[in-house]
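Reviewing the structure listed below.
The values are calculated or read from the model by the stated rules, or taken from the named source; none is laboratory data. Just so it is clear, the structure is predicted and the values come from calculations on it, not from any experiment. Neighbour counts run over all protein chains shown; Cβ positions are idealised from the backbone, glycine included.
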Amino acid sequence: MTPARWLLAIVSFAAAIGVSLYIVLTSWPTSDHTVTVSVAAHGVLLGVALLELGARGAKVRLSAASLRIPMTFGVALRASAGGDFGAAITPARTGAEPARFLIMTEAGMSSANIILVIYAELFLEMISLAIVAIAMFFTFRDAGGIITGMASLVAMYAAFVLGTGALGFVLARRGMHQEPPRWLARLGVHGARWHQFRNVLEQLRRGIEGMKDMRFGVAGIALLTSIVHIVLRLAILPIIVYSFGVHVPAAPLILWPIALMYGSVVVAVPAGGGFIEVAFKETLGHAIPSTIFGASLIWWRFYTFYLYIILGAIAAGGTVLRALRPDDDDDEAAEESGPDLAVQQDPAH
């Protein structure tokens, strides 16, 4: 992380917190009624958040086991938490995969095995997301535009990730020459950048080809843990809202967070720079009563974002910062650094 990137992260976090405070103050009811989340509700929310992180760790561990790659649950859990921390402090969540890569490397895993695990996990994540989206479609088929918007966004996300992977795999299979194609050179991809681009395509090819030896029984269990982690993440907002004893339709409380969770991937600043908070207000401002809206926003962001930053900093903060440390010479970095994994990060990491 360069000083400029640290400054961007600080400003973006300040903007996110500032927007949250503005929304809370402007939506707060005029009455003197105090709105608090009970201790019991906080206990449930903390338990759900920790179970969600544990499910993601289990998914990584089982993804490795499905490929006969040794990995402990502790390493998988630290990689998941460290990925959350790296994603939170970098633009467009670009620090997630380098952070996870370094954590696994320091645990003694080879680069080739790490690549296989990450691509297997991504593949299972896409399948589990599709399953959850289909289940939501049939469960909330009367939700109208909400379900249509959610399904469209999830479909675009999956198509982008899988389409990018397929394109990269085709390019890698054709072989990479020492000089970049003219169309890439015109886009500024040459020299050290071209070297990194070639490495990424080669990693992509190895990752996809390595999955042909996957043990499908173990992969099926990993898929179930992936579905569990998505469901647990989506349960946070309903738990918060219903803990106040209000009656709110479940559809918007479940469907809109899916859109916000995966739509946040396109935000190019750390912590979203207030974009998530504004989107939360626009999509759920009419669904959640004004008396509890501010509290719902604050605690939803805490238990789906800020808590994971804290846990990630505790579990692997130093390791993540080493992964994000810039090299003085870009050409040397291209030759000596570990793989630069060009994978669209799962927002739940």
Determine whether region 258-280 contains at least one residue that is part of a loop (DSSP other than H, G, I, E, B), touching a Phe, Trp or Tyr at 6+ places or on another chain (Cβ under 9 Å), small (Gly, Ala, Ser) and in contact (Cβ under 8 Å) with a residue 60 or more places away in the chain. no
Quick check on region 55-68. Is at least one of its residues outside any helix (DSSP H, G or I) and under 26 Å from residue 276 (Cβ atoms)? no
Restricting to region 265-282, what's the tally of residues that are surrounded by fewer than 21 Cβ atoms within 10 Å (Cβ to Cβ), among the hydrophobic types (A, V, I, L, M, F, W, C) and at pLDDT 75 or above? 4
